[in-house]
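Peer 1: Take a look at this one; I'll ask things after.
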Amino acid sequence: MPAPAIRTENLSKSYGSVQALDGLELTVHAGEVFGFLGPNGAGKSTTIRLLLGLARPTAGRAWIFEVDAGDVAAAHRLLAYVPADVALWPQLTGAELLELLAATGPGTDSAYRAELVARFELDLSRPARTYSTGNRQKVALVAAFATRAPLLVLDEPTSGLDPLMELQFRRTVAEARDNGQTVFLCSHQLAEVEAVCDRVAILRAGRLVDVATVPELRRLHRSEVTAEFTGPAPELTDVAGFELLGRADGMLRFSLAGPPAAALRALAAADITALTVREPSLEEIFLDYYGQADR
Ligand SMILES: Nc1ncnc2c1ncn2[C@@H]1O[C@H](COP(=O)(O)OP(=O)(O)OP(=O)(O)O)[C@@H](O)[C@H]1O
């Protein structure tokens, strides 16, 4: 087994009486694209700061490819980082910035970098002070993806990108994975996480709620079923996990949680003419976890 890209053991951080991160146990395998999700204040940025050695844990430890995250000089040779708020030296042009970032980072593939500059339509001749938020983000993304760093830590990397650039981002993440790199992606863009991540971790109030693949998460959550029928309506009220959403003449719409066997038996007893099952999106799953009632 290759060393995990990220491993944490009881990783905890408190700020005074605020427990920002509480006993995080996480393993991110080498080569996977891993989504890190949670509502505001869940502890995502705190985790990233601990992984980057920008803060010290109150308890527990973290390793980057088995290098202690606190050993910043060694750990940062293995990773590239894109922060949520990209700050750049205002007087340097895009081209100068990429050169500077390449000189300080874990090694850059210049041919691939040129391809990424074209792909993200980055005008390298302009000074950074004239860049929009999205352009600053592109500089950081191009610099990070052009490295051969085995781990890419991306914190809200596409919040300033338009939908076309968002697609280019997804394509570039897929290339990083094909290249054997690990991607740790912290994002509120759930469609993006759903599209690119192999597994996701869900964090809430400093604690890990779940780690699973998106299909696994889907199986745990409600699907929406529409059944059309002739004759008597199927009798589903006793089925565990059944919740009626609507009914009309010859049509029933309901949500279902858990295994569908009992519902299928009940449906089989009726004369069903059409059946559609819609699986929940990651966004719906996320809202299920963080429903307004218990925020
Ligand atoms: N330097 C600090 N001093 C005091 N409290 C802090 C500090 N940094 C974070 N916190 C608190 O720790 C908790 C976790 O914050 P964190 O920034 O890690 O959340 P987050 O999941 O990244 O949220 P967001 O999605 O809003 O970025 C919050 O309650 C926050 O107020």
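Peer 1: More than 16 Å from the ligand (Cβ to nearest atom), farther than 21 Å from Arg177 by Cβ and modelled with pLDDT of 95 or more: does that describe Val72?
Peer 2: On the way: more than 16 Å from the ligand (Cβ to nearest atom): yes; farther than 21 Å from Arg177 by Cβ: yes; modelled with pLDDT of 95 or more: no.
Here the answer is no, as Val72 does not meet what is asked.
Peer 1: Checking Ala62 against (1) within 15 Å of the ligand (Cβ to nearest atom); (2) closer than 29 Å to Ala191 by Cα; (3) surrounded by fewer than 21 Cβ atoms within 10 Å (Cβ to Cβ), which test does it fail?
Peer 2: Ala62 satisfies all of (1) within 15 Å of the ligand (Cβ to nearest atom); (2) closer than 29 Å to Ala191 by Cα; (3) surrounded by fewer than 21 Cβ atoms within 10 Å (Cβ to Cβ) except (3).
Peer 1: Shifting gears a bit: In region 22-33, what count of residues is obtained for those that are surrounded by fewer than 23 Cβ atoms within 10 Å (Cβ to Cβ) and out of contact with any helix residue (DSSP H, G or I) (no Cβ under 9 Å at 6 or more places or on another chain)?
Peer 2: Selection size over region 22-33: 6.
Peer 1: For residues that are crowded, with 19+ Cβ neighbours inside 10 Å and part of a strand (DSSP E or B), tally how many sit in region 112-142.
Peer 2: Result for region 112-142: 0.
Peer 1: Based on this model, can you work out whether Ala103 counts as over 23 Å from Leu54 (Cα atoms), small (Gly, Ala, Ser), out of contact with any Phe, Trp or Tyr (no Cβ under 9 Å at 6 or more places or on another chain) and surrounded by fewer than 21 Cβ atoms within 10 Å (Cβ to Cβ)? I'd like the intermediate steps shown before the answer.
Peer 2: Numbers: over 23 Å from Leu54 (Cα atoms): no; small (Gly, Ala, Ser): yes; out of contact with any Phe, Trp or Tyr (no Cβ under 9 Å at 6 or more places or on another chain): yes; surrounded by fewer than 21 Cβ atoms within 10 Å (Cβ to Cβ): yes.
Against the criterion (over 23 Å from Leu54 (Cα atoms), small (Gly, Ala, Ser), out of contact with any Phe, Trp or Tyr (no Cβ under 9 Å at 6 or more places or on another chain) and surrounded by fewer than 21 Cβ atoms within 10 Å (Cβ to Cβ)), Ala103 does not qualify.
Peer 1: Give me the pairs: first residue in region 32-44 and among the aromatic types (Phe, Trp, Tyr), second residue within 6 Å of the ligand (Cβ to nearest atom), beta-carbon distance under 6 Å, and six or more apart or on different chains, which are they?
Peer 2: Cβ pairs passing all conditions: Phe36/Lys44.
Peer 1: Pairs, please: C-beta under 8 Å, at least 6 apart or cross-chain, first residue without any contact (Cβ under 8 Å) to a residue 40 or more places away in the chain and within 21 Å of Asp123 (Cα to Cα) and in region 69-94, second in a loop (DSSP other than H, G, I, E, B) and open to solvent by less than 70 Å² (accessible area, probe 1.4 Å)?
Peer 2: The qualifying pairs are Thr93/Leu124.
Peer 1: Continuing with the same structure: In region 1-35, what count of residues is obtained for those that are at pLDDT below 95, among the hydrophobic types (A, V, I, L, M, F, W, C) and more than 8 Å from the ligand (Cβ to nearest atom)?
Peer 2: Here the count works out to 2.
Peer 1: When you scan region 147-157, do you find a residue that is surrounded by 21 or more Cβ atoms within 10 Å (Cβ to Cβ) and over 28 Å from Pro2 (Cα atoms), even just one?
Peer 2: Taking every residue of region 147-157 in turn, none turns out to be surrounded by 21 or more Cβ atoms within 10 Å (Cβ to Cβ) and over 28 Å from Pro2 (Cα atoms).
Peer 1: Filter region 211-229 for residues that are over 13 Å from the mean Cα position of the chain (by Cα) and in a strand (DSSP E or B) and give the result.
Peer 2: Quick first cut of region 211-229, residues over 13 Å from the mean Cα position of the chain (by Cα) only: 215-229.
Those that are over 13 Å from the mean Cα position of the chain (by Cα) and in a strand (DSSP E or B): Ser223, Glu224, Val225, Thr226, Ala227, Glu228, Phe229.
Peer 1: On to the next question. Which one is nearest to Ala5 (Cα to Cα) among residues in region 182-198 that are assigned to a loop (DSSP other than H, G, I, E, B) and within 16 Å of the ligand (Cβ to nearest atom)?
Peer 2: Within region 182-198, the subset assigned to a loop (DSSP other than H, G, I, E, B) is 187-189, 197-198.
Imposing the further condition that a residue be within 16 Å of the ligand (Cβ to nearest atom) reduces the set to 187-189.
Values: Ser187: 19, His188: 22, Gln189: 23 Å.
If we take residues in region 182-198 being assigned to a loop (DSSP other than H, G, I, E, B) and within 16 Å of the ligand (Cβ to nearest atom), then Ser187 is nearest to Ala5 (Cα to Cα).
Peer 1: Right, another one. Cβ-Cβ under 6 Å, sequence separation 6+ or interchain: first residue in region 1-21 and of a type in the set (S, T, N, Q) and open to solvent by less than 40 Å² (accessible area, probe 1.4 Å), partner more than 16 Å from the ligand (Cβ to nearest atom) and in a loop (DSSP other than H, G, I, E, B). Which pairs?
Peer 2: As it stands, the answer is none, since no pair meets every condition given.
Peer 1: Taking region 38-56 on its own, how many of its residues are among the hydrophobic types (A, V, I, L, M, F, W, C), surrounded by 20 or more Cβ atoms within 10 Å (Cβ to Cβ) and under 10 Å from Leu21 (Cβ atoms)? Steps first, please.
Peer 2: Narrowing region 38-56 to residues among the hydrophobic types (A, V, I, L, M, F, W, C): 42, 48, 50-52, 54-55.
Then drop every residue that is not surrounded by 20 or more Cβ atoms within 10 Å (Cβ to Cβ), which leaves 42, 48, 50-51.
With under 10 Å from Leu21 (Cβ atoms) added as a condition, the list becomes 42, 50.
Qualifying residue count, region 38-56: 2.
Peer 1: Something else: Scan region 239-274 residue by residue and report those that are closer than 19 Å to Leu220 by Cβ and assigned to a loop (DSSP other than H, G, I, E, B).
Peer 2: Selection gives Val239, Ala240, Gly241, Ala257, Gly258, Pro259, Pro260.
Peer 1: Across region 143-164, what is the number of residues that are in a loop (DSSP other than H, G, I, E, B) and more than 20 Å from the chain's Cα centre (by Cα)? So that I can check it myself, show each step before the final result.
Peer 2: Here is the first cut: in region 143-164, the ones in a loop (DSSP other than H, G, I, E, B) are 146, 148-150, 156-162.
Then keep just the ones that are more than 20 Å from the chain's Cα centre (by Cα); that gives 146, 148.
Number satisfying all stated conditions: 2.
Peer 1: Which one of the conditions (1) among the β-branched types (Val, Ile, Thr); (2) more than 16 Å from the ligand (Cβ to nearest atom); (3) at pLDDT below 95 does Val67 fail to meet, given that it meets all the rest?
Peer 2: Going through the list (1) among the β-branched types (Val, Ile, Thr); (2) more than 16 Å from the ligand (Cβ to nearest atom); (3) at pLDDT below 95, Val67 breaks only (3).
Peer 1: Name the single residue, out of those in region 248-273 being in contact with a strand residue (DSSP E or B) (Cβ under 7 Å, 6 or more places away or on another chain) and open to solvent by 40 Å² or more (accessible area, probe 1.4 Å), that is nearest to Ala195 (Cα to Cα). Talk me through it step by step, then tell me what you get.
Peer 2: The initial filter retains those residues of region 248-273 that are in contact with a strand residue (DSSP E or B) (Cβ under 7 Å, 6 or more places away or on another chain), namely 250-256, 263, 267, 270-273.
Checking which are open to solvent by 40 Å² or more (accessible area, probe 1.4 Å) leaves us with 251, 253, 271-273.
On the way: Met251: 32, Arg253: 27, Asp271: 37, Ile272: 33, Thr273: 33 Å.
Result: Arg253.
Peer 1: Among the residues of region 178-192, how many are surrounded by 18 or more Cβ atoms within 10 Å (Cβ to Cβ) and under 18 Å from Ala30 (Cα atoms)?
Peer 2: Going through region 178-192 one residue at a time, the tally reaches 6.
The values are calculated or read from the model by the stated rules, or taken from the named source; none is laboratory data. Predicted model only: the values in this text are computed from it and were never measured. No Cβ is skipped: glycine too gets one built from the backbone with ideal geometry, and neighbour counts run over all protein chains shown. Ligands, DNA and RNA are stripped out before the accessible areas are found, and what is left, the full protein with its side chains, is counted by its heavy atoms. Shrake-Rupley method; radii C 1.70, N 1.55, O 1.52, S 1.80 Å.
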